[in-house]
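Following: one structure in structure tokens, then a few remarks.
The values are calculated or read from the model by the stated rules, or taken from the named source; none is laboratory data. Remember, it's a predicted structure, so these values are computed and weren't measured experimentally. FYI the Cβ positions are ideal-geometry reconstructions off the backbone, even for glycines, and counts take in every protein chain you see.
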Amino acid sequence: MGEWYFVEFSKKRAELVARLKVRGVSEKVLRAMTNVPRHLFVPSVHMSSAYVDTPLNIGHGQTISAPHMVAIMCDLLDLQEGHKVLEVGAGSGYNAAVMAELIGNTGIVYSTERIPELVGSSKNNIKAAGYRNIEVFLSDGSIGLPEHAPYDRICVTASAPSIPQPLVQQLKTGGRMVIPVGDMFQSLYLVTRDSDGTVVTKEWGGVVFVPLIGKHGFHFEQKPYR
Ligand code: SAM
């Protein structure tokens, strides 16, 4: 891709970030999103729409989440330098890249994905964008990723029927998790494990995500594109 595309994508990305700023996204998340080339995480047919604030089809009935949704989840998580993060639902790898920017080179994102082709394409996208602090696993993230637990933060990017207990158990004391819950009507929840070990769950508001499919997720095969 030539210089013209680079300039054009950078300009569109700056315009998107400016719109997110008006919506109250924090400076640190805006900075992270300024650094992540979203056009490298979408299929080439959607490249020209990469900086429109909308989910896009990434194949296999799945989507890359809308930028405002990524920003909201990252702000709720309050990611810090050095954090160890679990993502459930790597999809395109974009959300993992934004989180990787926020936690820096001393942190790590472990991301799980249940569709083998998306494991392959997310790894390629992450490599093309130059991130070394992300590892993608082919696994059922509804059971978490016990081999690297406990986590400072957990970000679930597919909607669960209820909050999976293995994920709560894999949160460190002082840890935070964001997770959409519901089927036709979904809400985003922020789950925190306080310093005394108490788990507190707060509802943030209505959202639309593809379903979490797995042992602690839904058991049906998903509809094509939501
Ligand atoms: N974070 C993604 C991104 O930035 O492109 C968006 C992901 S998409 C909204 C949700 C993803 O969750 C899909 O790729 C889907 O295959 C995956 N998924 C659904 N159930 C899963 C499970 N049990 N374990 C891991 N991934 C799952």
The number of residues in the stretch 138-181 that are outside any strand (DSSP E or B) and either within 15 Å of the chain's Cα centre (by Cα) or not small (Gly, Ala, Ser) (or both) is 21
How many residues are more than 6 Å from the ligand (Cβ to nearest atom), more than 16 Å from Ala32 (Cα to Cα) and buried (at least 19 other Cβ atoms within 10 Å of the Cβ) when one looks only at the stretch 102-118? 2
Any idea which residue in the stretch 56-82 is nearest to the ligand (Cβ to nearest atom), counting only those that are closer than 25 Å to Arg132 by Cα and assigned to a loop (DSSP other than H, G, I, E, B)? Ser65
Would you check which residues across the stretch 182-217 are under 18 Å from Glu87 (Cα atoms) and not in a strand (DSSP E or B) and list them? Val208, Phe209, Val210, Leu212, Gly214, Lys215, His216, Gly217
Residue in the stretch 129-136 that is closer than 24 Å to Val207 by Cβ and either in a helix (DSSP H, G or I) or of a type in the set (S, T, N, Q) (or both) present: no
Which members of the stretch 102-120 meet the condition of being of a type outside the set (S, T, N, Q) and outside any helix (DSSP H, G or I)? Gly104, Gly107, Ile108, Val109, Tyr110, Glu113, Arg114, Ile115
Could you count how many residues in the stretch 83-101 are touching an Asp or Glu at 6+ places or on another chain (Cβ under 8 Å) and either more than 9 Å from the ligand (Cβ to nearest atom) or outside any helix (DSSP H, G or I) (or both)? 7
Scanning for something among the acidic types (Asp, Glu), surrounded by fewer than 13 Cβ atoms within 10 Å (Cβ to Cβ) and at pLDDT 95 or above, does the stretch 211-226 turn up at least one residue? no
